[in-house]
Amino acid sequence: MAYTYDDQNIFAKILRGEIPNDTVLETEHTLAFRDIAPKAPEHVLVIPKGAYVALDHFCAEASDAEIVDFHRTVAEICKMTGASPGEGGEGYRGITNAGENGVQEVPHYHLHILAGRPLGPMLLMR
């Protein structure tokens, strides 16, 4: 089954300028902005400007330029927030959710970068 993109999702509206955001970094193919309900002192969302629903959709269909730009933007955000261990930071967590079981709230691929405090275990077993 192919992905169907909903162009009325909140991130699509942010990309069109219909909803304001707290931009951290913008490139040709990527937008990074602060989460409106942060779960850590640093909580930045990184989204591609293209119409991709989830990580696998992005990896399968994005151009090489989009993929490289997205990942280089992630690296820059980690550096800018002081989280990158390679730059003397104490680390970060990158999270992406997909579909119902992944508890994806916005159907536009996005990566959460969380940093600035110990984040605890990744998942709790139930």
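The values are calculated or read from the model by the stated rules, or taken from the named source; none is laboratory data. Keep in mind that this is a model prediction, so the values were computed, not measured. Cβ coordinates were reconstructed from backbone atoms using ideal geometry, including for glycine residues, and neighbour counts include every protein chain displayed.
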key: Among the residues listed as Y5, Y92, the single one being over 14 Å from Y109 (Cβ atoms), surrounded by 13 or more Cβ atoms within 10 Å (Cβ to Cβ), in contact with a Pro (Cβ under 9 Å, 6 or more places away or on another chain) and not charged (D, E, K, R)   = Y92
inquiry  = Which condition from (1) out of contact with any Phe, Trp or Tyr (no Cβ under 9 Å at 6 or more places or on another chain); (2) more than 20 Å from D35 (Cα to Cα); (3) of a type outside the set (V, I, T); (4) in contact (Cβ under 8 Å) with a residue 12 or more places away in the chain is the one that A62 breaks?
reply    = (1)
query = Looking at (1) modelled with pLDDT of 95 or more; (2) loosely packed, with under 15 Cβ neighbours inside 10 Å, which is the only condition G120 fails?
reply = (1)
message = Suppose we filter the range 10-24 for residues that are surrounded by fewer than 19 Cβ atoms within 10 Å (Cβ to Cβ), out of contact with any Leu (no Cβ under 8 Å at 6 or more places or on another chain) and either among the aromatic types (F, W, Y) or over 13 Å from H110 (Cα atoms) (or both); how many remain?
response = 7
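Among the residues of the range 8-53, which ones are polar (S, T, N, Q) and either touching a helix residue (DSSP H, G or I) at 6+ places or on another chain (Cβ under 6 Å) or in contact (Cβ under 8 Å) with a residue 40 or more places away in the chain (or both)?
Step one: list which residues in the range 8-53 are polar (S, T, N, Q), which gives 8-9, 21, 23, 27, 30.
Once the filter is applied, which keeps residues that are polar (S, T, N, Q) and either touching a helix residue (DSSP H, G or I) at 6+ places or on another chain (Cβ under 6 Å) or in contact (Cβ under 8 Å) with a residue 40 or more places away in the chain (or both), the range 8-53 yields N9, N21, T27, T30.
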ask   = Taking the condition in contact with an Asp or Glu (Cβ under 7 Å, 6 or more places away or on another chain) and of a type in the set (S, T, N, Q), does T81 pass?
value = yes
inquiry  = With the requirement that a residue be outside any helix (DSSP H, G or I) and buried (at least 19 other Cβ atoms within 10 Å of the Cβ), what does the range 63-83 give you?
reply    = T81, A83
key: Residues being in contact (Cβ under 8 Å) with a residue 24 or more places away in the chain and either closer than 16 Å to V24 by Cα or not hydroxyl-bearing (S, T, Y) (or both) - total across the range 77-96   = 10
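Could you list, in sequence order, the residues of the range 25-53 that are basic (K, R) and within 13 Å of the chain's Cα centre (by Cα)? Even if it seems obvious, please write down each step before you answer.
Going residue by residue through the range 25-53, those that are basic (K, R) are 34, 39, 49.
Once the filter is applied, which keeps residues that are basic (K, R) and within 13 Å of the chain's Cα centre (by Cα), the range 25-53 yields R34, K49.
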